Structure formats: structure tokens, C-alpha cells
Amino acid sequence: MLSTIRSQGALHWLGRQLFNRDDPGAFFDPLLAVLNPMWVRGFVPARLLDVIDETADTRTFRLRPSARWQGFRAGQHVNVVVDVDGVRQHRTFTISSAPSQWHTDGTLTLTVKRHPGGHVTHWMHDHLRPGAILGISQAFGEFDLPPSGQPKPLLYIMGGSGVTPALSHLVGLAERDYRAPVTLLYYVRTQADVIGAETLYALAARWPALSLHVFATEEQGESALLNEQHLDAVPGFAARDVYLCGPPGLMDRANALLARYGVQEEQIRCTFFSAPTAVAADTPLGGAVTFARSDTHVDSDGDAPLLEIAEAAELNPAYGCRMGICHQCSCRKTEGTVVNRLTGKASGPGEETIQLCISVPQGPVTVDL
């Protein structure tokens, strides 16, 4: 009888591992990685096919994911999973290729800039070679192209590596022979820092709808910073749909100028590559935080989001981008109020789903973690 119970218990445990939706690769992935790394289940494995130098500090990685990957829309992101010095790291990158490439040959490209102090981007540049296997998530994000139908004039304001979603967008628009005017204002340090230069200049040469303007701020000086003259030179820009991506200084300047010209919020789509900073709130931030499932209680000074608070308490919540984009850190708040770092808006006081990476306690908070 006892052996039967033990056998049933073992089978029940094995079944939990086989159908573990929270962490499908926890049990079998180490074995599968030895047999064939393209079989692992905890993420979508992708084989690196090519590495292309874009600029002195930017490389494009062309990947072929396994058949489980579901494709993407132009402007979307993926989380990349790599093991750096024995530690699994997750970072978010925008797909720089158009969806047509995926449909044609089953590949996508990620264009990655080597950021100062960027542990993972340095490792990717220094260690990833064709043939390597890395993990990616399914695509996510809402930095979408306008729907098919009556084309609307578009304005892209991009800076540095923030041009990557525009590369995907513009190739897709050219492929569908988008006829409405499309203008790209692209801000870089020098002409040698233009990412996707071959693609951009080829599009500008063969696609009449595109007007490409590259501003090299270190070479041209103050006049190359985004200003009223740049916008005034774009015909009817105040009526266009606007896409913004780049460093915080450019994003802030662009939003301020667009507001001054009366461009409405619903016309503007933004995505960003750096973690948000805490925003001011009407009520002081901070308070007692309870992580209910782990029976952990900590105090917050209001200077960190719940994800960092949990990690400091030696908990291991799931996360991805750490910037409020991917929603992998979504968790149930059961009591209390948090402030969203991106918007400055407070949540309700009761039970709701929040993102740990952008939620700062405002008074006592209880989280189901």
C-alpha cells in the first residue's frame, strides 16, 4: 500500500513538472539543453545566424527562432534571455526587421547598441557569434503601425538606437506602397552613428513618400538639436500621427514642442529604452510592504519600485524589461495604493493587477508574492 502511494505521489510530481505553466522548463530544460538546445521549453530558443556591424558601437543580430515562436508586428519587442557568467539575464530589445522577413525566411533581427555600463549589451557584442543559441520571448508591445485603409501622414522623431522600431515600420510601409507623406527626423551624434544607414538611404531613394532628415548634433552644433524650425519644415506636421523613440532628453523636448504646437496626445505614440524615474505624487510615497505568500514584511522609503523592494528582500519575482513594457512582472495587489512611475497616477486602494517594476508604494501595500 505504501509503495502504491509513493508511486502515485511520484507520478503526481512528474505530472506537475510536465505541465508546469509557470515555469515549463524548470525540470527538463537542463537535460534538453544538452541533447539539443533548440528543444528547451522555458523560453523560445533562437539560433544566431549572422552578426552585422552597423556602427562602431552597434551590431545587428539575425536570429532564427524555433517553430514555437509566433511572429510579430512592426514596432514590437522581445525579451532576450542569456546566461552571463553563470547568471541568467533578461533584457528587452526592439525587433528592427520587418514582419515580411519573418514570413519569408523565418528570421528576425535585433539591433543592439553597446551601452556604457551595460553588462548584457557588452557581453552580447563580445561573445555572441553565429551558431550561438539564445532565448527570446514571444513578441509584445503596442508601438503599432496605423491600420490599413486610408493612409495618414506620419512623423517619426527618433534618436540614436531609438530608430530600431522605425526601421521595422518604414520597411513595412514601403512594402505596402504607403502613399501618404512620411517624414523621419533622426538625431545622432555624428553621421557615422546612423544605425540602419543602408536601409534608410535606400528607402529614401526608392520610396517617394519618405522624407529623411538626419541631424548630427556633434558635427552641426546647437542647430542640430530638435527645434521649432525642424518641425516647421515638415508640411502639416501638427495633423500627423507622431512616433517618438530615443533618449529621455529628446523625448522630453519633442513632447514639449508638440504640445506647444497643439498636437493632441492621441496623435502621439511613444516607446522608450531606459528605465523610468520616479515621478512626483500628491501624497508622499513609501510605506510598509507585505509580500503575503512569502510572509515577508519590509519598509519602503518611496524611492524604489516594488520589484526592487522584493529583490532586496531576497524574493525572486518574475520580470522582463524592468521598464513597464512587457508585463512579465505583473502581480496581484490585494490592499493599499501604488503610484505608476510612468504616468504619476495612483491605483485604487483595493485588489488589482499591477506591474512591480513601475509601481511605488503610497502607504501600506500588500502584494500576493
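The values are calculated or read from the model by the stated rules, or taken from the named source; none is laboratory data. Here the structure is a predicted model, which is why all the values come from computation and not from measurement. Here Cβ is always computed from backbone atoms with ideal geometry, including for glycine, and neighbour counts include all displayed protein chains.
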Scope the range 297-326; condition surrounded by fewer than 19 Cβ atoms within 10 Å (Cβ to Cβ), in contact with a strand residue (DSSP E or B) (Cβ under 6 Å, 6 or more places away or on another chain) and at positive phi; matching residues | Gly302
Of (1) hydrophobic (A, V, I, L, M, F, W, C); (2) surrounded by fewer than 16 Cβ atoms within 10 Å (Cβ to Cβ); (3) in a strand (DSSP E or B), Cys331 fails just (2)
Across the range 176-201, the tally of residues that are assigned to a loop (DSSP other than H, G, I, E, B) and not basic (Lys, Arg) stands at 8
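Matching residues to (1) in a helix (DSSP H, G or I); (2) closer than 28 Å to Val51 by Cβ; (3) of a type outside the set (Phe, Trp, Tyr); (4) not assigned by TED's automatic domain parsing to the domain that holds Ala238:
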| residue | (1), (2), (3), (4) |
| --- | --- |
| Gly117 | no, yes, yes, yes |
| Asp126 | yes, yes, yes, yes |
| Arg129 | no, yes, yes, yes |
| Gly162 | yes, yes, yes, no |
| Ala174 | yes, yes, yes, no |
| Leu203 | yes, yes, yes, no |
| Val214 | no, yes, yes, no |
| Gln220 | yes, no, yes, no |
Only one of Glu218, Glu198 is farther than 20 Å from Thr107 by Cα and of a type in the set (Asp, Glu), namely Glu218
In the set Gly135, Gly131, Gly118, Gly106, which member is out of contact with any helix residue (DSSP H, G or I) (no Cβ under 7 Å at 6 or more places or on another chain), under 18 Å from Thr60 (Cα atoms) and without any contact (Cβ under 8 Å) to a residue 12 or more places away in the chain?
-> Gly118
Output for the range 95-115, where each listed residue is over 17 Å from Thr55 (Cα atoms) and assigned to a strand (DSSP E or B) | Ile95, Leu108
From Gln89, Gln70, grab the single residue that is farther than 19 Å from Ala318 by Cβ, at pLDDT 70 or above and either within 17 Å of the chain's Cα centre (by Cα) or not in a strand (DSSP E or B) (or both).
-> Gln70
Only residues that are part of a helix (DSSP H, G or I) and aromatic (Phe, Trp, Tyr): list them for the range 233-261, please.
-> Phe237
Within the range 339-346, can one find any residue that is β-branched (Val, Ile, Thr), under 22 Å from Glu142 (Cα atoms), surrounded by fewer than 17 Cβ atoms within 10 Å (Cβ to Cβ) and at pLDDT below 90?
-> yes
